[in-house]
1. Find the residue count for the stretch 105-119, including only residues that are loosely packed, with under 10 Cβ neighbours inside 10 Å and in a loop (DSSP other than H, G, I, E, B).
2. Can we say residue 31 is within 20 Å of residue 100 (Cα to Cα) and exposed (fewer than 15 other Cβ atoms within 10 Å of the Cβ)?
3. Considering each of 23, 4 in turn, give the residue that is out of contact with any helix residue (DSSP H, G or I) (no Cβ under 9 Å at 6 or more places or on another chain), closer than 19 Å to residue 90 by Cα and among the hydrophobic types (A, V, I, L, M, F, W, C).
4. Kindly establish whether residue 24 is more than 15 Å from residue 112 (Cα to Cα), free of Cβ contacts under 8 Å to residues at least 12 places away in the same chain and assigned to a strand (DSSP E or B).
Amino acid sequence: MPVIDFSQVSEPVPSGSYLVEVIKVEEKPSAKGGFNNFYWTLLITDGDCAGQTIRMITTAKPNSLFLLKETLVALGENPSKDFDFDQQAYIGRSMVVDVRTKTYEGRERPEVFHCHPAG
């Protein structure tokens, strides 16, 4: 029987503002179809939660582009009408995210609701 060490399991990231680095962006079709979602993995690089990761979902759904646009602006872009979105170009870039705690399916989870440029 394997021995599993749970000593490194951390609590969910509490509400607050965090300096993060983009470490992964994955594009996947929406379960509702017709558009894609982007799943961002963000590494907290400063403060008490440094080393923890946060997941953020943005969408390409036309009437829900606000968080994707805000994220791109925070990462130094100026997205226009026909913006060529190369997800891999953002790996290693930093920004500040505002996080709040949200209950989903009975569990507390961090949710990114606002992005700002770092510095």
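Only the coordinates and a few stated rules stand behind these numbers; no lab work does. Since this is a predicted model, take the numbers as computed values, not measurements. Note that we place each Cβ from the backbone using ideal geometry, even for glycine, and neighbour counts take in every protein chain shown.
1. Residues of the stretch 105-119 that are loosely packed, with under 10 Cβ neighbours inside 10 Å, as a first pass: 105-107, 119.
If we keep only those that are in a loop (DSSP other than H, G, I, E, B) as well, we get 105-106, 119.
Qualifying residue count for the region: 3.
2. Values: within 20 Å of residue 100 (Cα to Cα): no; exposed (fewer than 15 other Cβ atoms within 10 Å of the Cβ): yes.
When the stated conditions are applied, residue 31 does not pass them.
3. Details: 4 fails: closer than 19 Å to residue 90 by Cα.
Going through 23, 4 in turn, just one is out of contact with any helix residue (DSSP H, G or I) (no Cβ under 9 Å at 6 or more places or on another chain), closer than 19 Å to residue 90 by Cα and among the hydrophobic types (A, V, I, L, M, F, W, C): 23.
4. Values: more than 15 Å from residue 112 (Cα to Cα): yes; free of Cβ contacts under 8 Å to residues at least 12 places away in the same chain: no; assigned to a strand (DSSP E or B): yes.
No, not satisfied.
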